[in-house]
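S.K.: I have a structure here, written as structure tokens, and I will follow up with some questions on it.
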Amino acid sequence: MKKISIESSFFTENRKKLSALMMADSAAVINSNDILPSNADGTVKFIQNSDLFYLTGIEQEETILMLNPGSRNEDLREVLFIRDYNQDLEVWEGKKLSPAVASEISGIKTVYELSRFEDALHDTMCSVTNIYLNTNDHDRSKNEVESRDLRFINYCKKYYPLHSYHRLSPLIYGLRTIKSKTEIDLLQKACDITGDGFRRLLKFVKPGVMEYEVQAELAHEFIKQGTGFADYEPIIASGENACFLHYIKNDDPCNDGDILLLDIAAGWANYNADMTRSIPVNGKFTGRQKDVYNAVLRAMRGTIKEMKPGLSVRDIIMITRELIAKELVDLKLVKPSDVKDVKQKSAEFKKYYPHDVSHFLGLGVHDVGVFEQELKPGMVLTCEPGIYIRDEKLGIRLENDIVITEGGNLDLMKNVPVDADEIEQLMNG
Ligand code: GLY
Ligand code: MN
Ligand code: MN
């Protein structure tokens, strides 16, 4: 994939902001993710720990960042540890990062090989009382595998039991929730490539193509542009499949008369777009399909209008529920009494609208952030209402990515076709 360089000043600034939040007499240690095994000697694709990437830009495994902002020795306030040089490994895997290159990427002056870590840690432990350690505190994470960070926490507690340990995540998640201009530009690029992929598949989809062939078209566009899919499995779901929210088999044909739901996006420099479009396989919506489509589109537009500083994600969720409830009544799918209290979704309401409208977006597809917190400029969120009518084998979801600004918001997907008429034109032109 394309080498994408982000100015090292971005990572330096992130470390500076984090160091400013740390209490006096403290250090922090952040580990990379593991390369996870699959079967035999196989491994799954390596994905860097988002917090480590945010603070260093280093995408290599077996990397550790140690921050000790109060150190008397200025050179030891930020230390990066990377894998030791290994000639044999180089023969198989090519060049790993040298200290000089790691320093250039991260902006960190002091880069040591990993074999020096234990001694350096000991020195740090002897000089501070408070240690911040990193844990995955995403409320939807369901990880049964012990991460490097967790193993390291156990190590620290065993060998340094009298230190005071603190969670790093509240500090770093707060920072990551507000995106800088650099991050918004990276997200915009991911959204633009996603849009290119979408335009490409509008010309490709026709009755009889397989869902995986649609995926291949997208992969072609993304890889040609030097990147890959965002960090979630693409959902390419025709007909009834669109009603299964996380359908990822993508192995059915797209049939004449189906709506094809595409929850697909590109990533860029570890930042993720997240987009959904729903298109008629034969290039023309039926009257019924267009009615449901426009209901979802009105709910999306009505929601985006409200996404501005002051309200919380929870508030936005309730606003969308009200909008969808009205559409469901107008479509005669539910009775007004079924949706009278949108706070408590009734079974009837849930049947047609089983999810909610938004999540934070960034280095994670479901990025870190607190739903109860007021929206602030720099937050990036999805807006993704949908209506699913399984009896009609019809599922429609639309999803754009929205940056909160001072006075309102900016839609990063504003250039990606979404009007039903425009989609029909592009499919037929
Ligand atoms: N693509 C996953 C989601 O929309 O949340
Ligand atoms: Mn989403
Ligand atoms: Mn999505």
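The values are calculated or read from the model by the stated rules, or taken from the named source; none is laboratory data. All of these numbers come straight from a predicted model, not from anything done at the bench. Note that we place each Cβ from the backbone using ideal geometry, even for glycine, and neighbour counts take in every protein chain shown.
S.K.: What are the residues in the range 136-164 that are modelled with pLDDT of 95 or more and in contact with a helix residue (DSSP H, G or I) (Cβ under 7 Å, 6 or more places away or on another chain), if any?
M.R.: Hits for the range 136-164 are 160, 163.
S.K.: Here's another thing I want to ask about it. Given the structure, is residue 251 closer than 26 Å to residue 213 by Cα, at pLDDT 95 or above, within 14 Å of ligand 2 (Cβ to nearest atom) and among the acidic types (Asp, Glu)?
M.R.: no
S.K.: Which of the residues that make up the range 272-294 are of a type in the set (Val, Ile, Thr) and within 16 Å of ligand 1 (Cβ to nearest atom)? Can you show your working first?
M.R.: Our first condition is that a residue be of a type in the set (Val, Ile, Thr); within the range 272-294, this holds for 276, 279, 281, 286, 292.
The answer is 276, and nothing else.
S.K.: Could you tell me whether the range 340-347 includes any residue that is part of a helix (DSSP H, G or I) and either more than 11 Å from ligand 1 (Cβ to nearest atom) or among the aromatic types (Phe, Trp, Tyr) (or both)? Break it down stepwise before answering.
M.R.: Step one: list which residues in the range 340-347 are part of a helix (DSSP H, G or I), which gives 347.
Then keep just the ones that are either more than 11 Å from ligand 1 (Cβ to nearest atom) or among the aromatic types (Phe, Trp, Tyr) (or both); that gives 347.
The answer is yes; a qualifying residue exists.
S.K.: Pick from the range 328-344 the residues that are touching a residue at least 12 places away in the same chain (Cβ under 8 Å) and in contact with an Asp or Glu (Cβ under 6 Å, 6 or more places away or on another chain): which of them is surrounded by the fewest Cβ atoms within 10 Å (Cβ to Cβ)?
M.R.: Here the answer is 342.
S.K.: When the residues of the range 56-71 are narrowed to those that are touching a strand residue (DSSP E or B) at 6+ places or on another chain (Cβ under 6 Å) and in a loop (DSSP other than H, G, I, E, B), which ends up surrounded by the most Cβ atoms within 10 Å (Cβ to Cβ)? Walk me through it before giving the result.
M.R.: First, the residues of the range 56-71 that are touching a strand residue (DSSP E or B) at 6+ places or on another chain (Cβ under 6 Å): 56, 63-68.
Pick out the ones that are also in a loop (DSSP other than H, G, I, E, B) and you get 63, 68.
Details: 63: 26, 68: 24.
So the residue we want is 63.
S.K.: What residue, among those in the range 272-312 that are part of a strand (DSSP E or B) and within 16 Å of ligand 2 (Cβ to nearest atom), is farthest from residue 329 (Cα to Cα)? Quick ask: steps written out before the conclusion?
M.R.: Let us first name the residues in the range 272-312 that are part of a strand (DSSP E or B), namely 272, 275-280, 312.
With the extra rule that they be within 16 Å of ligand 2 (Cβ to nearest atom), the set shrinks to 272, 275-278.
Values: 272: 35, 275: 27, 276: 24, 277: 23, 278: 21 Å.
Among residues in the range 272-312 that are part of a strand (DSSP E or B) and within 16 Å of ligand 2 (Cβ to nearest atom), the one farthest from residue 329 (Cα to Cα) is 272.
S.K.: Check whether at least one residue in the range 201-213 is without any contact (Cβ under 8 Å) to a residue 24 or more places away in the chain and more than 19 Å from residue 412 (Cβ to Cβ), and report yes or no.
M.R.: Going residue by residue through the range 201-213, those that are without any contact (Cβ under 8 Å) to a residue 24 or more places away in the chain are 204, 213.
From what's left, more than 19 Å from residue 412 (Cβ to Cβ): 204, 213.
So far as the range 201-213 goes, yes, one or more of its residues are without any contact (Cβ under 8 Å) to a residue 24 or more places away in the chain and more than 19 Å from residue 412 (Cβ to Cβ).
S.K.: Pairs under 6 Å by beta carbon, first residue within 10 Å of residue 66 (Cβ to Cβ) in the range 110-126, partner in a helix (DSSP H, G or I), six or more apart or different chains?
M.R.: 110/75
S.K.: What about residue 369, is it within 20 Å of residue 239 (Cα to Cα), touching a residue at least 12 places away in the same chain (Cβ under 8 Å) and crowded, with 22+ Cβ neighbours inside 10 Å?
M.R.: On the way: within 20 Å of residue 239 (Cα to Cα): no; touching a residue at least 12 places away in the same chain (Cβ under 8 Å): yes; crowded, with 22+ Cβ neighbours inside 10 Å: yes.
So residue 369 does not fit the description; no.
S.K.: Residue by residue through the range 381-410, note down the ones that are modelled with pLDDT of 95 or more, over 19 Å from residue 322 (Cα atoms) and away from ligand 1 (no atom under 16 Å from the Cβ).
M.R.: 390, 391, 392, 393, 394, 403, 404, 405, 406, 408, 409, 410
S.K.: Follow-up question, since we're still on this one. Would you be able to say whether some residue in the range 249-271 is in contact with a strand residue (DSSP E or B) (Cβ under 6 Å, 6 or more places away or on another chain), over 25 Å from residue 419 (Cβ atoms), outside any helix (DSSP H, G or I) and within 16 Å of ligand 1 (Cβ to nearest atom)?
M.R.: Within the range 249-271, one or more residues are in contact with a strand residue (DSSP E or B) (Cβ under 6 Å, 6 or more places away or on another chain), over 25 Å from residue 419 (Cβ atoms), outside any helix (DSSP H, G or I) and within 16 Å of ligand 1 (Cβ to nearest atom).
S.K.: Do you know which of the residues in the range 38-55 that are outside any loop (DSSP other than H, G, I, E, B) and closer than 14 Å to residue 147 by Cβ is farthest from the chain's Cα centre (by Cα)?
M.R.: Of all residues in the range 38-55, those outside any loop (DSSP other than H, G, I, E, B) come to 43, 50-55.
If we keep only those that are closer than 14 Å to residue 147 by Cβ too, we end up with 50-52.
Working: 50: 10, 51: 13, 52: 15 Å.
Among them, the one singled out is 52.
S.K.: Quick one: how many residues across the range 351-370 are part of a loop (DSSP other than H, G, I, E, B), closer than 24 Å to residue 394 by Cα and more than 10 Å from ligand 2 (Cβ to nearest atom)?
M.R.: Total meeting the criteria: 3.
S.K.: Restricting to the range 203-232, count the residues that are within 16 Å of ligand 2 (Cβ to nearest atom) and either under 25 Å from residue 282 (Cα atoms) or crowded, with 19+ Cβ neighbours inside 10 Å (or both). Even if it seems obvious, please write down each step before you answer.
M.R.: Initially, the range 203-232 is screened for residues within 16 Å of ligand 2 (Cβ to nearest atom), giving 229-232.
Among the residues that remain, those that are also either under 25 Å from residue 282 (Cα atoms) or crowded, with 19+ Cβ neighbours inside 10 Å (or both) are: 229-230.
Counting residues in the range 203-232 that are within 16 Å of ligand 2 (Cβ to nearest atom) and either under 25 Å from residue 282 (Cα atoms) or crowded, with 19+ Cβ neighbours inside 10 Å (or both) gives 2.
S.K.: Can you name the number of the only condition in (1) assigned to a loop (DSSP other than H, G, I, E, B); (2) in contact (Cβ under 8 Å) with a residue 24 or more places away in the chain; (3) under 28 Å from the mean Cα position of the chain (by Cα) that residue 29 fails?
M.R.: (1)
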